[in-house]
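These notes are about the structure you will find just below.
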Amino acid sequence: QKEVEQNSGPLSVPEGAIASLNCTYSDRGSQSFFWYRQYSGKSPELIMFIYSNGDKEDGRFTAQLNKASQYVSLLIRDSQPSDSATYLCAVTGTASKLTFGTGTRLQVTL
Amino acid sequence: KAGVTQTPRYLIKTRGQQVTLSCSPISGHRSVSWYQQTPGQGLQFLFEYFSETQRNKGNFPGRFSGRQFSNSRSEMNVSTLELGDSALYLCASSSGLASRTDTQYFGPGTRLTVL
C-alpha cells in the first residue's frame, strides 16, 4: 500500500464547476497535509495546508481533513482553465520530509 | 522576498560522470530538502539539511550526497551517474522549525539528463 494515494485522473470538469480532488494516507501519525499545484514542466507551487480536522478555506480553494478516515481533499470552486494542472497531495509526520502522492491531473474544459 | 533559486537549470551528463547541483533557500530559511521527480516514481525525498547537518534521509543509494553551508545554501552531488538518474531535481526551503505549519517552498528545479 502506498503511503499517500491519489487518483491519477485525468479529472475533467467544465469551467465554473467545482473540482473535487481526493487523497488518502496510511500513516496515522501524519500531522500536516499540503496541496501543491504543478504545471507541466514547472515546479510544485503551494496552494494551502491543513492540520486540524474540518475545513479550511482560502479564496476558491477549500481543504478538508478527516483524520479518522485518513482522508484529505481539495475543492476548487468556480474552476477556471488556468486551474488545469497536476495537484499533489503531501503529508508530513514528526520529521519534516514531505511524502507525496503521485498527483491528480485536472482538466478544466471550456 | 526572493524565492528559492537553483542552478544550473539544465544539465546534460554522460554515464559515470558526477554532478553537483546548487540551491539557495529563501532568506531566513534554515532547512533545505532535496527531491527527485521522475514520471515513473513521482516526487521522492532525498534528504534534508538543517543548520549544516543532515537531519533526514530518504532511501537513495550513497551515490547521492549533499551538504549545507553556513549561509544555508545547499549542494547536492550525484556520483557515477546512471541513466536512471535522469530526473527533475527539486530543492525546497522552509524555516525548519518543528511546527505543523512549517511549509516547504520549491525552487524551479534542475533538469538532469544522463546519456
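Every read-out reported here was derived from the displayed coordinates using simple, explicitly stated rules and does not represent laboratory data. All of these numbers come straight from a predicted model, not from anything done at the bench. A quick note on method: Cβ atoms are made from the backbone with ideal geometry, for glycine too, and the neighbour counts reach across all protein chains shown.
In the stretch B:75-111, the residue that is surrounded by the most Cβ atoms within 10 Å (Cβ to Cβ) out of those that are assigned to a strand (DSSP E or B) and away from chain A (no Cβ under 14 Å) is B:V78.
For the stretch A:1-15, residues that are over 13 Å from the mean Cα position of the chain (by Cα) and over 12 Å from A:V91 (Cα atoms) total 7. Considering the stretch A:28-42, and only residues there that are closer than 26 Å to A:T94 by Cβ and among the small types (G, A, S), the residue that is farthest from the chain's Cα centre (by Cα) turns out to be A:G29. Taking the stretch B:45-56 as the search range and keeping residues that are within 12 Å of another protein chain (Cβ to nearest Cβ) and surrounded by fewer than 16 Cβ atoms within 10 Å (Cβ to Cβ), which one is farthest from B:S79 (Cα to Cα)? For the stretch B:45-56, the residue satisfying everything is B:N56. Which of the residues spanning the stretch A:59-110 are aliphatic (A, V, I, L, M), within 9 Å of the chain's Cα centre (by Cα) and more than 12 Å from chain B (Cβ to nearest Cβ)? Those that are aliphatic (A, V, I, L, M), within 9 Å of the chain's Cα centre (by Cα) and more than 12 Å from chain B (Cβ to nearest Cβ): A:A63, A:V72, A:L74, A:L75. Filter the stretch A:4-30 down to the residues that are surrounded by 14 or more Cβ atoms within 10 Å (Cβ to Cβ) and within 11 Å of chain B (Cβ to nearest Cβ), then identify the one that is farthest from A:T104 (Cα to Cα). By that ranking, first place goes to A:S30. Residues that are at the interface with chain A (Cβ under 10 Å from one of its Cβ atoms) and assigned to a strand (DSSP E or B): does the stretch B:57-74 have at least one? For the stretch B:57-74, residues at the interface with chain A (Cβ under 10 Å from one of its Cβ atoms) and assigned to a strand (DSSP E or B): present.
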